[in-house]
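The values are calculated or read from the model by the stated rules, or taken from the named source; none is laboratory data. Keep in mind that this is a model prediction, so the values were computed, not measured. Here the Cβ positions follow ideal geometry from the backbone for every residue, glycine too, while neighbour counts run over all protein chains shown. All accessible areas refer to the heavy atoms of the entire protein, side chains included, with ligands and DNA or RNA removed. Shrake-Rupley method; radii C 1.70, N 1.55, O 1.52, S 1.80 Å.
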Amino acid sequence: MTRVRRLWVQLRGSFRRVRRWVHSHVPRRLWLALIIPVLLLSVGTVGYRWIEGDHWSYFDGFYMTAITITTIGYGEMHPLGTAGRVFTVVLAYGGVFTLAYFATDLVRSVVTGELRQAIGRRWVDDQLAALTGHIIVCGHGRMGQIVCGELDRQKKLFVLIDKSEEHLRDLPYTHCLPLPGDATADDLLRKAGIERARAMITVVGSDADNLYITLSARLLSPKLKIVSRAEEEDAEAKLRKVGANKVISPYLAGGHRAVQAVLRPAVLHFMEMATRPEFLDLQIEEVRVAAGGALAGRSLRESRVVADLGVVVVGVVRPGGELLYNPPVDTVLEPEAVLIALGQRRSLDQLEHLANGG
């Protein structure tokens, strides 16, 4: 008896897991369209057996039900009494109208794209739950489009949050997961995986929204790197106080860039080319020294980064935040230090491999 009870408990648990999976992955109307025919077959099978008696087997009832609700109607399996014929009429009309309704609804869902959207939302939710080390972008306005385009060109996986579902339709990005909603809501930030994210870029048009999003993100993830946009001059100090690591002002940055284009055009051209991923001859990159890496605890001379890889280390950011420009060759590379290196893409990839443990 104990074995039977244990088996029953296991079967009940399996049924509940299957039911939870169906409810979370299959749209409600599609689920009903699948379950209603099964219920009709079950009711008809048992009904014929109960009405006509033992000379009707369950298979006879099942077969009679199948040919009745599909309107095939080959004929009666056995002679039916009055009650059996009334049951057949009810079953036929009920089955035909029910199946026709759900078939029409299913076709409508497929034609209008509703089914595709529902399945797509389920897929996005599953992907969001598994994300780690990604970037969250809040806002898909003019600046947000530039940010997303650059992240996509560099093949960085990111979650894009925007209030308008229209802004998230037909996105041209291949490394993006769209998430419609208000980024100021904690639940939406958690759904975007903010606790597992690498960084967040908030470029919403309103300084107040950027301020609130930054504050919410910092409370949810104290170690998250946050880059915020500021329109007004006094908003920068506020954003830093609530947790932004870096504040970008489009007008201030654009003004500085315009001046550099006049006074130092060659320098500006060099920096633009060195930060573009498609320019393979020369790039500038930052590489973090891992605690167990081959570079940790060694000096630049001992690591032979310059001699063997042909990489120029133009700066070292120490774990405390101190920046060394043009560091001498006897500079010790501490764990969690960041190298600012200049070189070919292939050499920079080799340097990153050494710094991470190679």
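Of everything in segment 298-328 that is among the β-branched types (Val, Ile, Thr) and either touching a Ser or Thr at 6+ places or on another chain (Cβ under 7 Å) or surrounded by fewer than 11 Cβ atoms within 10 Å (Cβ to Cβ) (or both), the residue that is farthest from GLN344 (Cα to Cα) is VAL316.
Considering every residue within segment 330-343, establish whether at least one is free of Cβ contacts under 8 Å to residues at least 40 places away in the same chain and loosely packed, with under 12 Cβ neighbours inside 10 Å. Yes; the residues of segment 330-343 include at least one that is free of Cβ contacts under 8 Å to residues at least 40 places away in the same chain and loosely packed, with under 12 Cβ neighbours inside 10 Å.
Considering segment 176-209 alone, what residues qualify as being part of a helix (DSSP H, G or I) and charged (D, E, K, R)? So that I can check it myself, show each step before the final result.
Restricting attention to segment 176-209, the residues satisfying the condition of being part of a helix (DSSP H, G or I) are 186-191, 207-209.
Within segment 176-209, ASP186, ASP187, ARG190, LYS191, ASP207, ASP209 meet the criteria.
Looking only at residues in segment 153-192 that are of a type in the set (Asp, Glu) and modelled with pLDDT under 90, the one that is farthest from GLU231 (Cα to Cα) is ASP170. Is it the case that some residue within segment 7-29 is open to solvent by 40 Å² or more (accessible area, probe 1.4 Å), touching a Gly at 6+ places or on another chain (Cβ under 6 Å) and modelled with pLDDT of 65 or more? The answer is no; no qualifying residue exists.
Test VAL289 against the criterion of being more than 19 Å from GLN154 (Cβ to Cβ), of a type in the set (A, V, I, L, M, F, W, C) and at pLDDT 80 or above, and give yes or no. Criteria met by VAL289. Restricting the first member to segment 54-73 and to residues that are free of Cβ contacts under 8 Å to residues at least 60 places away in the same chain, and the second to residues that are among the aromatic types (Phe, Trp, Tyr) and open to solvent by less than 30 Å² (accessible area, probe 1.4 Å), the beta-carbon pairs closer than 9 Å and six or more apart or on different chains are TRP56/TYR48; TYR58/TYR48; ASP60/TYR48; GLY61/TYR48; PHE62/TYR48; MET64/TYR48; MET64/TRP56; THR65/TYR48.
Just to verify a result, which residue in segment 225-237, among those that are in contact with a strand residue (DSSP E or B) (Cβ under 9 Å, 6 or more places away or on another chain) and not hydroxyl-bearing (Ser, Thr, Tyr), is most open to solvent (accessible area, probe 1.4 Å)? Only one residue fits best here, namely LYS225. For TYR101, the test of being open to solvent by 40 Å² or more (accessible area, probe 1.4 Å), touching a helix residue (DSSP H, G or I) at 6+ places or on another chain (Cβ under 7 Å), modelled with pLDDT of 65 or more and of a type in the set (Ser, Thr, Tyr) is failed. If the condition is being within 12 Å of the chain's Cα centre (by Cα), touching a residue at least 60 places away in the same chain (Cβ under 8 Å) and buried (at least 18 other Cβ atoms within 10 Å of the Cβ), then segment 178-205 contributes ALA192, GLY193, ALA197. The listed residues are TYR212, TYR251, TYR173, and the only one of them that is open to solvent by less than 60 Å² (accessible area, probe 1.4 Å) and outside any strand (DSSP E or B) turns out to be TYR173. With respect to (1) in a loop (DSSP other than H, G, I, E, B); (2) surrounded by fewer than 18 Cβ atoms within 10 Å (Cβ to Cβ), the lone exception for HIS167 is condition (1).
Filtering VAL312, VAL247, VAL305 for residues that are under 31 Å from the mean Cα position of the chain (by Cα) and either within 23 Å of LYS155 (Cα to Cα) or not hydroxyl-bearing (Ser, Thr, Tyr) (or both) leaves a single hit, VAL247.
Remark: pairs (first residue in segment 218-236, in a helix (DSSP H, G or I); second residue open to solvent by less than 40 Å² (accessible area, probe 1.4 Å) and among the charged types (D, E, K, R); Cβ separation under 8 Å; 6+ apart in sequence or on different chains) = ALA235/ASP207. Scanning segment 327-341 for residues that are over 12 Å from ARG288 (Cβ atoms) and modelled with pLDDT of 85 or more yields PRO327, PRO328, ASP330, THR331, VAL332. One residue stands out in segment 53-65 among those that are open to solvent by less than 30 Å² (accessible area, probe 1.4 Å) and not polar (S, T, N, Q): the one that is nearest to LEU91 (Cα to Cα), namely MET64.
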